[in-house]
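K.L.:
Next up is a structure, given as structure tokens.
The values are calculated or read from the model by the stated rules, or taken from the named source; none is laboratory data. Values in this document were obtained by computation on a predicted structure and should not be read as measured data. We place every Cβ from the backbone using ideal geometry, glycine too, and count neighbours over all the protein chains shown. Each accessible area value is taken on the protein alone, full model and side chains, heavy atoms only, with ligands, DNA and RNA left out. Shrake-Rupley method; radii C 1.70, N 1.55, O 1.52, S 1.80 Å.
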Amino acid sequence: MSDTSPDDFEPTMSAEEALMWRIGDDPWLDPSGSLLALLDRPVDLDLLRRKVAAGIPSMPRLVERVVDTARPIEALRWEIDPDFDLTNHVVEVAVPAPGDRRALLDLTTEIHMTPFPAGRPPWRLVLVTGLADGTGALIARLHHSVADGIGGLRMAEIFLTLEADTNPPPDTDLDAILCEWRAAATDHDLPDTAAAIWSALAGPVGLAKSTAAELALIGADPARAQRTAGQALDTVRTVIDQLTGDPFLDSTSELWTRRSGGRYFVTAQMPLSAAGAAAKARGGTINDLYVTALADAAIAYHAERGTEPRSVAMSFVRSTRTGSGAGGNAFVPIKVRAPGAGVTPDERFAALSNAMAPSDASEGEPGLGVVSGLAALIPTPALTRLGRDQGARIDVVTSNIRGAPVPIFVGDAHVLGTFPIGPVAGAACNATVMSREDSLDIGIMIDPAAIDDPDRFGDIVQATLDAYTGDAG
């Protein structure tokens, strides 16, 4: 029936994905991502469900749930949900009165913050009805352990098309497909306890070589033991530095000091072509311009309140994805410092462009996988406290997702906006941008305990973007 099966996807979580799953219960650190898509008209619920059902055979992860292994040290694994029901995942919700943009953004926030039901695949599609202007909207939510932003967008291709399409696909017998997959499922080999402990320890300290081979080499060269131990300790020290932060890159804000589990969603947009011209004129990239604009807005917000931080603590995500597959996570988070007081916007742009440029100097540093491997050895409550502490040191988290450069549709509805939501993760806010046709659509999820006037901050972000793209025009 299907040429794809769950065995075509990794049966266990990577260290990075397991880390995000472990911290997911904390509302401050919830790593889930969402997307608000604005549509020029409402979409039929039955049509959307049929499109998703037709796409599931190519995306088996959508019917899988997370299962704990019997032994805590072992990796979390995926299995087919024995009670999978598509109607639990593709639903319809009416926007509260008065059905305006603010009501839609508040509904999006509520859906984004609602925990996934235990024991079900961690994703949800919500069609929004009742918008006062007669348009439509779709809110998609996906746990980060399933896929990063780019992988999630590729998964969304099962219901996105490049032209209006109201023809429902042929009926898909999901029950029969799931029965076929369950019958073909194999028991993946799980390591014994000793091997699992060695694997958990070997990754973080850089000793992933064969145990027997390493012991043989140490036996032939006794000094090798001391050198190996020294290298391991150097790696651990570097990883701990990543987990505990760099004071040079920490927030210097006197305003954005509080944190909470509350969230408030605002959006902004700028023309893609104008942003490209403005970035090129300054000798950088669109991402450089985007991150600089967020730093400018943060400084302007502070200035209105009579203060100016010495710097803005920021992070951005560099994708390491090389394949075209959907699902999975392939990225590296990087912290940078945007200069504050006494620096012009163009000087700030140059500083950030230089800081964010890929460099060979960091190739020898442990990546996110090593950090996650060490984090696996930390009890979840302690890891959560550590995550909150590190998140509070950051002012603005940024990331970007490359979308379609051409019109896209859900059914016969033209997508007029794609506003992504990334994890705030204890920072003051997360700003994530997605390109669409000739637009850059920016979703900004704010912690209102940190930024106490989120609407004003959103206005400043938009004004800053307009100033850059106005200059380009």
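K.L.:
Suppose the chain between Asp455 and Leu162 were pulled fully straight at 0.36 nm per residue; how much longer would it get relative to their current alpha carbon spacing? All intermediate terms of the calculation are to be shown ahead of the outcome.
P.N.:
Values: separation 293, 0.36 × 293 = 105.48 nm, distance 3.39 nm.
Stretched out fully, the Asp455 to Leu162 stretch lengthens by 102.1 nm.
K.L.:
Quick one: order Thr344, Thr307 from most to least accessible surface, probe 1.4 Å. Each step should come with its number before you reach the end.
P.N.:
Details: Thr344 65, Thr307 30 Å².
The residues order as Thr344, Thr307, largest area first.
K.L.:
For the residue pair Ser273 and Leu45, what label-to-label distance in nm results when each label sits 7 Å from Cα along the Cα-to-beta-carbon direction?
P.N.:
Taking the simple label geometry, Ser273 and Leu45 are separated by 4.1 nm.
K.L.:
Run the quick spin-label model on Thr307 and Ala118: label points 7 Å from Cα toward the beta carbon, then report their separation in nm to one decimal.
P.N.:
4.1
K.L.:
Here is a follow-up. So, in nm, how far is label Thr257 from label Asp466 when the simple model puts each one 7 Å beyond its Cα toward the Cβ?
P.N.:
The two pseudo-label positions are separated by 3.3 nm.
K.L.:
Asp133 accessible area, nearest 10 Å², 1.4 Å probe?
P.N.:
110
K.L.:
Now for a different question. What is the sum of charges, Lys and Arg at +1 and Asp and Glu at -1, for the other residues whose Cβ falls under 13 Å from the Cβ of Pro454?
P.N.:
On the way: positive: Arg102, Arg263, Arg456; negative: Asp106, Asp447, Asp452, Asp453, Asp455, Asp459.
Here the charged neighbours net out to -3.
K.L.:
Please give me the summed charge of the neighbours of Arg101: other residues whose Cβ is under 13 Å from its Cβ, Lys and Arg +1, Asp and Glu -1. Numbers along the way, then the final one.
P.N.:
Details: positive: Arg102; negative: Asp100, Asp106, Asp133, Asp455.
Taking every Cβ under 13 Å from that of Arg101, the sum is -3.
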